[in-house]
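This report refers to the structure that appears directly beneath it.
The values are calculated or read from the model by the stated rules, or taken from the named source; none is laboratory data. Here the structure is a predicted model, which means the values were calculated and not measured. Cβ atoms come from the backbone with ideal geometry, glycine included; neighbour counts cover every protein chain shown. We work out accessible area using only protein heavy atoms, side chains counted, and drop any ligands, DNA or RNA first. Shrake-Rupley method; radii C 1.70, N 1.55, O 1.52, S 1.80 Å.
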Amino acid sequence: MTASSELSVTRFIAASPEAVWAAWTTRTADWFTPHPWTTEVDFDLRPGGRANVVMTSPEGERHPYLGVFLEVVPMSRIVSTSAMTENWTPQQGDMSFVRIDTFEAEGEGTRYTARALHWHPTAAATHRDMGFEQGWGTVADQLAEIAVQSNVPG
């Protein structure tokens, strides 16, 4: 993998890492796709657990994403992939990638970063051309809004 195989978005979120983590893990269906799309979530948030979502367009077009969590470090990092499903079952796909979400304390808030690591630069280019920056940027903003609304100073 090279730098040209990676796409990413980052946001400073004016909420604690705990609030951002809680929004990511418990309110995924509320932020995972740009509104007015909807998301069905079926997660088993542990290494080897399900990372499945079905994204549905306003017109009813459904896009399933089946994956597995590779690493889960509470309040810090979530790594998943679509290259396999739970029970480590490999699956084929030109758009398979590794997703890394990180939550880093920064001042009075959190630096949230979502990275998509593709096996080939052509897959990254296809993902970029599909609207990666706008789509993932929008959902990062939606995640931030939920986290800020639910943030309770400690």
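For 24, 119, 136, the ranking by accessible surface with the largest value first comes to 119, 136, 24, using a 1.4 Å probe. Short-range pairs are left out: with C-alpha atoms under 8 Å and at least six residues apart, the relative contact order of the chain is 33 percent.
Taking the Cβ-Cβ separation of residue 87 and residue 55 as r and a Förster radius of 30 Å, what is the calculated FRET efficiency to the nearest 0.05?
On the way: r = 23 Å, r/R0 = 0.77.
The calculated FRET efficiency here is 0.85.
Per-residue Karplus couplings for region 15-32, computed as 6.51 cos²θ - 1.76 cosθ + 1.60 with θ equal to phi - 60°, are listed in order as 8, 5, x, 5, 5, 5, 4, 4, 5, 5, 8, 10, 10, 3, 4, 7, 10, 5 Hz, Gly and Pro entered as x.
Throw me the Rg/Rh for region 1-126, computed over C-alpha atoms with Kirkwood Rh, two decimals. Mind dumping the intermediate values first?
Details: Rg = 14.8 Å, Rh = 15.3 Å.
Result: Rg/Rh = 0.96.
Relative to the longest principal Cα axis of the chain, at what angle does helix 132-150 sit, 0 to 90 degrees, rounded to 10? Approximately 30 degrees, to the nearest 10.
Ranked from largest to smallest solvent-accessible area, with a 1.4 Å probe on the protein heavy atoms, 63, 127 come out as 63, 127. Can you pull the accessible area of residue 27 for me, 1.4 Å probe, Å² to the nearest 10? Around 90 Å² of this residue is reachable by solvent. Most tightly packed first, judged by the mean number of other beta-carbon atoms within 10 Å of their residues, the peptides 106-115, 39-48 read 106-115, 39-48. Among 30, 129, the sequence by solvent-accessible area, most first, with a 1.4 Å probe is 129, 30. Return P(r) of region 106-154 (all Cα-Cα pairs; 5 Å bins starting at 0; whole %; ordered from short to long distances). So the P(r) values, bin by bin, are 5, 16, 22, 19, 13, 10, 9, 5, 2, 0. For residue 91, the amide hydrogen comes within under 5 Å of the amide hydrogens of 84, 85, counting only partners 5 or more places away or on other chains and with H modelled in the peptide plane.
If I take R0 = 25 Å and measure r between the Cβ atoms of residue 95 and residue 8 in this structure, what FRET efficiency does the formula 1/(1 + (r/R0)^6) give, to the nearest 0.05? The partial results should precede the final answer.
Details: r = 16 Å, r/R0 = 0.65.
That pair, residue 95 with residue 8, gives E of 0.95.
For the pair region 1-63 and region 100-125, the centres of their Cα atoms are 12 angstrom apart.
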